[in-house]
1. Got a sec? What order do ASP347, ASP432 fall in by accessible area at 1.4 Å, biggest, i.e. largest, first?
2. Amide H of LEU435: which non-local residues (sequence gap of 5 or more, or other chain) have their own amide H closer than 5 Å, using H built in the peptide plane?
3. Please give the Cα centre distance for the stretch 330-378 versus the stretch 135-186, rounded to the nearest Å.
4. Round to the nearest 0.05 the FRET efficiency obtained for THR570 and TYR298 when R0 = 25 Å and r is the Cβ-Cβ distance.
5. So what's the stretch 537-587 giving for Rg/Rh, alpha carbon basis, Kirkwood Rh from the mean inverse pair distance?
6. Can you give the Kirkwood hydrodynamic radius for the stretch 95-154, in Å, rounded to one decimal and based on Cα pairs?
7. Treating only the Cβ atoms of Lys and Arg (+1) and Asp and Glu (-1) as charged, compute the dipole magnitude of the stretch 366-458 about its Cα centre; round to the nearest 20 debye.
8. From the phi of every residue in the stretch 37-49, what ³J(HN,Hα) in whole Hz does the Karplus formula 6.51 cos²θ - 1.76 cosθ + 1.60 yield, where θ is phi - 60° and glycine or proline is x?
Amino acid sequence: MKEKEKKEKNRIPVLLLFILTLGASIFAIYNIFLLDSIENLIRYIVIGIFILIDLLLLLKTKTIWKRKSRKESRHIAFILFMVFYLLINLLIGVIIFYSYGVVSSINKKWVTYSSSLVVMKKSEISKVQELEDAVIGILDDKESPEGYTIPQEVIKENHLKDKNKIKQFDTYTEMLSKLYSGELDAIFLSSDYVSLYSATPDYANISDDTQVILKKEKKLLKASTSKRETGSTGKSVKEPFTILLMGIDSTEEGLDKNAVANGDSLMLVTFNPKTLNATMLSIPRDSYVPISCFAGKYENKITHAAWHGTDCMMQTIEDYFGIPIDYYAKVNFKGLVHLVDAIGGIDVEVPADLCTDDSSRGEEICIKEGFQHLSGEGALVLSRNRKQLANGDIGRGQNQQIVIQGILNKMKTINSISQFTDVLNTVSNNLDTNLSTQQILSFYNIGKDILAKSLSKDDSDIVSIEQLYLQGDGQMIYDENMKLVLWNYIPNKDSKKDIVRAMKENLELEEHEVIKEFSFSINEPYEKEIIGYGPYKTNYTYSLLPDFSGDSREAAAAWARRNGVNVTFTGGNGYVISQSQPANKRIDKLSGSVVLRLGGGSTSSSNTTQDKNNNSNTTQKPKPTVPDKDDDEEDDSDEEEPDVGEDEKPTPTPPSPEQPSE
């Protein structure tokens with residue numbers, strides 16, 4: 001009897017080991033099932049093998065349990081096999097579970113928003129309790145967490161409505177302008193407001209001019225605040241698709257908090273997985289385009305669309321180019337440093353000697369012209385610097401494309417699990433996207449095709465990238481909300497047309513036009529054509545109202561006749577001393593007459609002049625230009641005056657253009 005009990009006790013560990021092994025196998029099979037669309041045939045074969053082994057183990061365990069007289073020593077080989085099989089299942093399951101979890105975290109489900117109640121320092125208000133009989137501004141957008149939702153909670157929690165007036169506005173910039181002018185006593189802004197507005201000339205010292213008297217953060221489901229950020233169009237990545245890449249220049253690690261910030265880097269990419277051909281357009285941050293989420297969709301710098309979130313930026317670009325955006329990816333520039341370091345650096349052609357602050361805005365990092373091996377910090381210099389480039393922000397966009405190509409080329413050298421996990425963790429922490437986990441996994445098949453191509457030619461680019469260039473002209477235009485004259489980049493409509501055609505061809509929305517013949521000279525090196533670069537015969541700048549100060553009545557009236565503008569004169573008989581509409585305002589935005597007040601002697605009667613038959617198309621014709629190349633903290637004392645027509649008087653030098661962050 002005792003011998004029987006002893007044998008049964010010896011068989012119990014075998015049963016327990018089988019249960020653990022079966023659990024590990026189920027865990028591994030479940031995780032293999034998650035890898036949808038990745039090597040389906042191989043996955044099903046592996047799953048089938050695991051199920052077959054599980055059945056054999058079950059039968060063997062059952063046999064051992066029933067054969068009471070058999071010596072336990074004969075089952076040592078079977079036990080060792082089960083232990084080995086258990087470890088294999090755990091290893092496979094854990095690796096897939098970890099990788100799948102990291103990939104899933106790329107599409108951030110939660111986001112932290114932060115709103116600050118801001119006052120002018122000279123107001124001597126230091127805490128929210130001191131607000132009394134004040135006018136407080138909030139954003140008139142119920143879908144904005146930082147501009148409306150959080151402020152409403154703060155107002156309720158602190159009973160601000162009891163003793164103060166709450167006023168709503170269409171834009172942050174309108175509120176900021178009224179805060180500086182004294183029309184508002186306090187306003188609610190994104191807590192990142194210093195980095196957002198310090199690049200604007202009149203707000204360069206905003207950190208010293210203002211102070212935060214209350215700050216509140218709130219963690220929200222991204223799905224509750226955005227329609228475009230959480231879900232893509234559902235298009236398969238096996239079809240041609242469009243993705244918008246947005247670079248966020250931040251000194252902080254990761255993208256855990258909401259990146260309501262300037263769109264420092266905007267890149268619209270189309271990719272055809274059938275041809276492995278991509279088009280890449282870097283959109284200048286100062287491009288003057290209709291902003292979809294602004295009231296009336298009025299034109300403004302495209303970077304300002306990012307102040308209202310990713311939805312606004314995506315819709316603005318989609319509306320302007322007429323190209324549907326399937327996906328987006330928001331990247332932290334600091335994450336770029338870690339990514340390049342994780343893959344062992346990149347080899348690229350640097351166009352010029354460049355220097356920029358490092359990713360922490362500490363010491364200066366410099367890179368040399370020529371073919372270079374760049375570390376993460378060096379790649380950031382090439383991606384961020386625009387001040388030392390002849391074509392400024394345009395050149396920066398082209399350099400960013402060079403960096404992306406370098407990263408893609410280096411990716412094929414990843415040959416270890418540790419390096420792969422480093423890359424995966426870096427991407428997960430510093431990237432946010434609306435791609436679903438399954439869509440991200442679907443890129444495996446594209447990567448396999450790219451790798452096959454790269455192995456055939458070691459010196460070739462693994463993806464054929466066609467660079468696009470948005471041609472345009474610089475122009476100083478009065479901003480109605482900020483009450484400032486700012487530098488803007490006016491895209492050329494013909495360049496835009498060529499760019500859109502190239503993107504649609506790559507997306508197979510239009511038929512490709514085959515070039516049947518071209519000419520070249522053996523004495524001149526061949527240069528690949530850049531679509532959108534031109535040259536174009538027509539410039540599409542706006543007609544602007546000049547500064548009439550110091551003009552005679554006759555000169556002002558002559559200008560008005562040429563440009564079809566109504567002017568009304570008041571005051572004396574001398575020269576113009578003031579005007580009712582600001583200089584550099586777009587003529588097409590004028591309503592009614594422009595009142596010009598004259599100095600001098602006796603008051604003259606009002607007079608309106610108009611000549612609709614002689615309507616000049618432009619008042620100022622600025623030279624094609626790009627934002628200044630000096631560092632953000634430097635002053636633009638050498639800004640050139642725009643050219644003017646030969647019949648027009650020279651106008652005073654306009655304010656320096658807005659200086660974007662690097």
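1. ASP347, ASP432
2. Counting only residues 5 or more places away or on other chains, the set is TYR328.
3. Comparing the Cα centres of the stretch 330-378 and the stretch 135-186, I get a distance of 41 Å.
4. Efficiency computed from Cβ-Cβ geometry: 0.25.
5. Using only Cα positions, Rg/Rh for the stretch 537-587 is 1.02.
6. So the Kirkwood estimate lands at 15.0 Å.
7. Its charge dipole is roughly 220 debye.
8. 6, 9, 6, 4, 4, 5, 4, 5, 5, 4, 4, x, 5
The values are calculated or read from the model by the stated rules, or taken from the named source; none is laboratory data. What you see is a predicted model, and the numbers here were worked out from it, not measured in a lab. Note that each Cβ is placed from the backbone with ideal geometry, even for glycine, and that neighbours are counted across all protein chains shown. Please note that ligands, DNA and RNA were not included when accessible areas were found on the heavy atoms of the full protein model with its side chains. Shrake-Rupley method; radii C 1.70, N 1.55, O 1.52, S 1.80 Å.
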